[in-house]
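Enquirer: Here it is, the structure in full.
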Amino acid sequence: MVCEQILGKLQDFDTSKRSIEYVDIEWHEAFKKVHKKITDKGTEIGIRMDDSILTRGLYQDDVIYVDENKLIVVNTPPCEVIRISLTTGHDRMSAKVCYEIGNRHAPLFWGENNTFITIYNEPMLSMLRKIHGVKAEREMLKLDFSKRISASIHNHHH
């Protein structure tokens, strides 16, 4: 089975008479056009999206297949992230945090309660912890791509 388009969000479909199968798309795979995957119920699928996926991405609860019996839905599994917060009186350091993360071409997301989220790697965590007035903590989190700040999702280093 080949899935070639995003058909909508899970909440837009009647699920009362259909089974739901989830296919895991990791955060770093969300903007790739071609995938070969197996759903949580063992169905082998191919995903072949058009160029619009390069900017839109595959998000949590995107429906990529539907028939009278089942839906195949994207699941973005939790991953290791760094939650960044600023201590009281250091609000201006948000510019430094955003600059440093952007300079490393890492994705950046809004977090809850005026925090930022980026993908974990040890050099990033170490660098962020050295910035005065910044608290950086490692945790597992399911990324919400609707809260993405940065346009780039590709994580590489110079």
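Enquirer: Tell me which of these residue 79 doesn't satisfy, since it passes every other one: (1) open to solvent by less than 70 Å² (accessible area, probe 1.4 Å); (2) of a type in the set (A, V, I, L, M, F, W, C); (3) touching a strand residue (DSSP E or B) at 6+ places or on another chain (Cβ under 6 Å); (4) modelled with pLDDT of 95 or more.
Expert: (3)
Enquirer: How about segment 113-137: which of its residues are assigned to a strand (DSSP E or B) and under 16 Å from the mean Cα position of the chain (by Cα)? Talk me through it step by step, then tell me what you get.
Expert: Keep residues of segment 113-137 that are assigned to a strand (DSSP E or B), which gives 116-119, 134-137.
Matches in segment 113-137: 116, 117, 118, 119.
Enquirer: Another question, then. Any residue in segment 79-95 that is within 30 Å of residue 3 (Cβ to Cβ) and hydroxyl-bearing (Ser, Thr, Tyr)?
Expert: No - not one qualifying residue is present in segment 79-95.
Enquirer: Right, another one. For segment 1-22: of the residues being closer than 27 Å to residue 80 by Cα and either part of a strand (DSSP E or B) or of a type in the set (Asp, Glu) (or both), which is most open to solvent (accessible area, probe 1.4 Å)?
Expert: 22
Enquirer: From 127, 140, grab the single residue that is open to solvent by 20 Å² or more (accessible area, probe 1.4 Å), closer than 27 Å to residue 75 by Cβ and touching an Asp or Glu at 6+ places or on another chain (Cβ under 9 Å).
Expert: Working: 127 fails: closer than 27 Å to residue 75 by Cβ.
Going through 127, 140 in turn, just one is open to solvent by 20 Å² or more (accessible area, probe 1.4 Å), closer than 27 Å to residue 75 by Cβ and touching an Asp or Glu at 6+ places or on another chain (Cβ under 9 Å): 140.
Enquirer: For segment 67-112, give me every one of the strands (runs of 3 or more DSSP E) that falls completely inside it and has 3 or more residues that are touching a residue at least 60 places away in the same chain (Cβ under 8 Å) and touching a Ser or Thr at 6+ places or on another chain (Cβ under 8 Å). Before you say what the answer is, go through the steps one by one.
Expert: Details: elements: 70-75, 79-86, 108-110.
Counting at least 3 such residues, we get no strands (runs of 3 or more DSSP E) at all.
The values are calculated or read from the model by the stated rules, or taken from the named source; none is laboratory data. If you're wondering where the values come from, they're calculated on a predicted model, not measured in any experiment. Virtual Cβ from ideal backbone geometry, glycine too; neighbours counted across all protein chains shown. Areas reflect the complete protein model, heavy atoms only, side chains present, ligands, DNA and RNA absent. Shrake-Rupley method; radii C 1.70, N 1.55, O 1.52, S 1.80 Å.
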